[in-house]
Amino acid sequence: MKKNYIFLAALAMQMLPASAQDTYQSAKLIENDLNGTARYVGMGGAMEALGADISTMSTNPAGIGLFRNSQVSLSGGLLFQTGADNKVRYNHSEINFNGKKTNLSFDQIGIVWTMPAANRRSFLNIGFNYRKSRNFDQILTAANNLGGASQNRLTAIKYNYNVTKKENEYQLPWNGVDANYAECMAKNDQGFMDYLGGDYFLTGQYAKGYIGEYSLNFSGNLNDRIYLGATVGIHDVNYRNNSIYAEALEQNNSATTWESLSIDGQGYDVKVGAIFRPIEYSPFRIGVYFNSPVFYDLTMSSATDLTMVGGDKKAEHGQKADYDFCLNTPAKFGISLGHTIGQSLALGATYEYSDYSWLDNRIKGDGYINYYGDYVENSYSDRAMKENTKQVLRGVHTLKLGVEYKPFSSLALRAGYNLMTGAYKMDGFRDGSIDSPGALYATSTDYTNWKSTNRVTLGVGYSVKKFFIDLAYQLSSTSGEYYPFMAYYSDKEYESNVSHATKVDVDRNQLLLTLGFKL
């Protein structure tokens, strides 16, 4: 990434001392991966009623109440992406970028401490666990025809609208991408209102980082019939994304944009849950749970460079933005069923629902001094972006199924399946024209409407005395529709700027190993 950045317009900085994020960037922080111990992953995570696995601390906290012995566990492995490439080729053009297709991952470490009552039928358990709730490592590439549309043309349309607008009309936000094109066109001695259409585009993106979740759990059971639990979680965000986007423009021009983006910060949430056996002498169990929103306090740093080439002329310009914002993710509700047959078979099923349209991007206020003399920050919802979120995101349904079979007491074979419906409406788009800091501070224009995610898992476990070892494999597949920029429609044909969807696929594979010891 080049270093010749300048700050965004000083006036904008003065008007907006704190900022909020946009829908598409923030939505990346909602979803949780299927991750934790290898047993949990091998059974597709369908253990919210079966319990007795430390990973249920992050979904249904009551699952920790089913432990009868103290336990420690440690998990890690490999995450690798199939079908990914660090090169993008299209119409005799090629761009290259750096992205790792295989990464080592430290995924979980935790302990559960059990304290049985005198009758040994009631327990009070305490647990602490770290797990990587989200692994951002991913390569995304796309290329397609533009049919005359372009990033530059969208900027020119904005400029033309703002110049000719009437006195009381709303002025379209001018973001970092627009500012770069304005400067480069001026340096090339071209009228900025020229509409440079595009022939085709190529893009490559490499995301990396994680969300780490630190959980403290208190749980127990009453007479081995009712299990209750609560978890307090701290979430640590470390997100990085580097991308390159290139367009072949008309009149033998070209434009190449680089973006570097990072999001860091912390959040907290609370989870509560219950498991009960409705029939006294049956192992059949029902679990219910509620996960509060994660309340995030975050910092984003982004930078973008643009290079335009036309004949023997070349122009470059860059922008940089750093700002703080708050984010509240949507809450999650779940119900789960679990049943065991003897000592050899366990069956689990879980249904979860979360309405992603409740994602709340929040602008930081000036804060205040409380009664004790401490400075307290406050925030308020970005209403314009909230409306955009409702138009883009929807409720997400997740179904998890899992089975474990023990041909011998020391050997376990596992399999699982997940279906998570798509969070994005297919007609949703990243709106760069709304009156929101999220639009003003943008340093890119692309977005992807992701569809449903399917996960298939397999696992095996072996135990000897107090030691156990588990291995799991997971294949997670999803597809989506990529757009390099929002569409603009006009009654005047020469003003329209529409890029059609490009299909993209992401297949991620995970190998996960857990080592554990029963105290």
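Per the conditions (1) among the hydrophobic types (A, V, I, L, M, F, W, C); (2) surrounded by 15 or more Cβ atoms within 10 Å (Cβ to Cβ); (3) over 25 Å from residue 360 (Cβ atoms), the sole criterion not satisfied by residue 487 is (2).
Just one of the listed residues (208, 187) is surrounded by fewer than 17 Cβ atoms within 10 Å (Cβ to Cβ) and not β-branched (Val, Ile, Thr), namely 187.
The residues listed here are 257, 231, 299, 329; of these, the one that is under 27 Å from the mean Cα position of the chain (by Cα), of a type in the set (Val, Ile, Thr) and within 30 Å of residue 148 (Cα to Cα) is 257.
Return the residue satisfying two criteria in turn: it lies in segment 378-414 and is buried (at least 21 other Cβ atoms within 10 Å of the Cβ) and among the small types (Gly, Ala, Ser), and of such residues it is modelled with the lowest pLDDT.
Quick first cut of segment 378-414, residues buried (at least 21 other Cβ atoms within 10 Å of the Cβ) only: 379, 382, 385, 388-389, 392-393, 396, 398, 400, 402, 404, 412, 414.
Those still in the list that are among the small types (Gly, Ala, Ser) too: 379, 402, 412.
Details: 379: 87, 402: 98, 412: 98.
Among those that are buried (at least 21 other Cβ atoms within 10 Å of the Cβ) and among the small types (Gly, Ala, Ser), it is 379.
Exactly one residue among 507, 470, 435, 427 is surrounded by fewer than 19 Cβ atoms within 10 Å (Cβ to Cβ) and within 26 Å of residue 105 (Cβ to Cβ), and that residue is 507. Counting only residues that are at pLDDT below 95 and surrounded by 17 or more Cβ atoms within 10 Å (Cβ to Cβ), segment 216-234 holds 2 of them. Just so you know, in segment 151-172 the residues that are assigned to a helix (DSSP H, G or I) and of a type in the set (A, V, I, L, M, F, W, C) include one that is nearest to residue 432 (Cα to Cα), and it is 154.
This table checks each residue for (1) in contact with a Leu (Cβ under 7 Å, 6 or more places away or on another chain); (2) more than 27 Å from residue 483 (Cα to Cα).
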residue	(1), (2)
248	no, no
270	no, yes
276	no, yes
288	no, yes
298	yes, no
319	yes, no
322	no, no
330	yes, no
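A quick yes/no check of all residues on (1) within 18 Å of residue 244 (Cα to Cα); (2) modelled with pLDDT of 85 or more; (3) touching a helix residue (DSSP H, G or I) at 6+ places or on another chain (Cβ under 6 Å):
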position: 185; (1), (2), (3): no, no, no
position: 193; (1), (2), (3): no, no, yes
position: 200; (1), (2), (3): yes, yes, no
position: 207; (1), (2), (3): yes, yes, no
position: 214; (1), (2), (3): no, yes, no
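Those residues that are farther than 17 Å from residue 219 by Cβ and either free of Cβ contacts under 8 Å to residues at least 40 places away in the same chain or among the polar types (S, T, N, Q) (or both), I need them from segment 269-291; list them, please. Correct list: 278, 279, 281, 282. Scanning segment 142-151 for residues that are touching a Pro at 6+ places or on another chain (Cβ under 9 Å) and surrounded by fewer than 20 Cβ atoms within 10 Å (Cβ to Cβ) gives a single hit, 144.
Just to be sure, is residue 352 more than 24 Å from residue 433 (Cβ to Cβ), among the acidic types (Asp, Glu) and under 20 Å from the mean Cα position of the chain (by Cα)?
Values: more than 24 Å from residue 433 (Cβ to Cβ): yes; among the acidic types (Asp, Glu): yes; under 20 Å from the mean Cα position of the chain (by Cα): yes.
Considered against the rule, which asks whether it is more than 24 Å from residue 433 (Cβ to Cβ), among the acidic types (Asp, Glu) and under 20 Å from the mean Cα position of the chain (by Cα), residue 352 comes out as yes.
Identify, from the list 475, 399, the residue that is without any contact (Cβ under 8 Å) to a residue 40 or more places away in the chain and either under 27 Å from residue 137 (Cα atoms) or in contact with a strand residue (DSSP E or B) (Cβ under 8 Å, 6 or more places away or on another chain) (or both).
Details: 399 fails: without any contact (Cβ under 8 Å) to a residue 40 or more places away in the chain.
Criteria check complete, one pass: 475.
Only one of the numbered conditions (1) in contact (Cβ under 8 Å) with a residue 60 or more places away in the chain; (2) touching a Gly at 6+ places or on another chain (Cβ under 8 Å); (3) under 30 Å from residue 156 (Cα atoms) is violated by residue 450, and that is (1).
Conditions tested, residue by residue: (1) hydrophobic (A, V, I, L, M, F, W, C); (2) more than 30 Å from residue 233 (Cβ to Cβ); (3) touching a helix residue (DSSP H, G or I) at 6+ places or on another chain (Cβ under 6 Å).
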{"site": "94", "(1), (2), (3)": "no, yes, no"}
{"site": "126", "(1), (2), (3)": "yes, no, no"}
{"site": "142", "(1), (2), (3)": "yes, yes, no"}
{"site": "153", "(1), (2), (3)": "no, yes, no"}
{"site": "160", "(1), (2), (3)": "no, yes, no"}
{"site": "173", "(1), (2), (3)": "no, yes, yes"}
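The values are calculated or read from the model by the stated rules, or taken from the named source; none is laboratory data. On a predicted model such as this, the values are computed, not experimentally measured, just so you know. Positions of Cβ are generated from backbone atoms using ideal geometry, with glycine treated the same way; all protein chains shown enter the neighbour counts.
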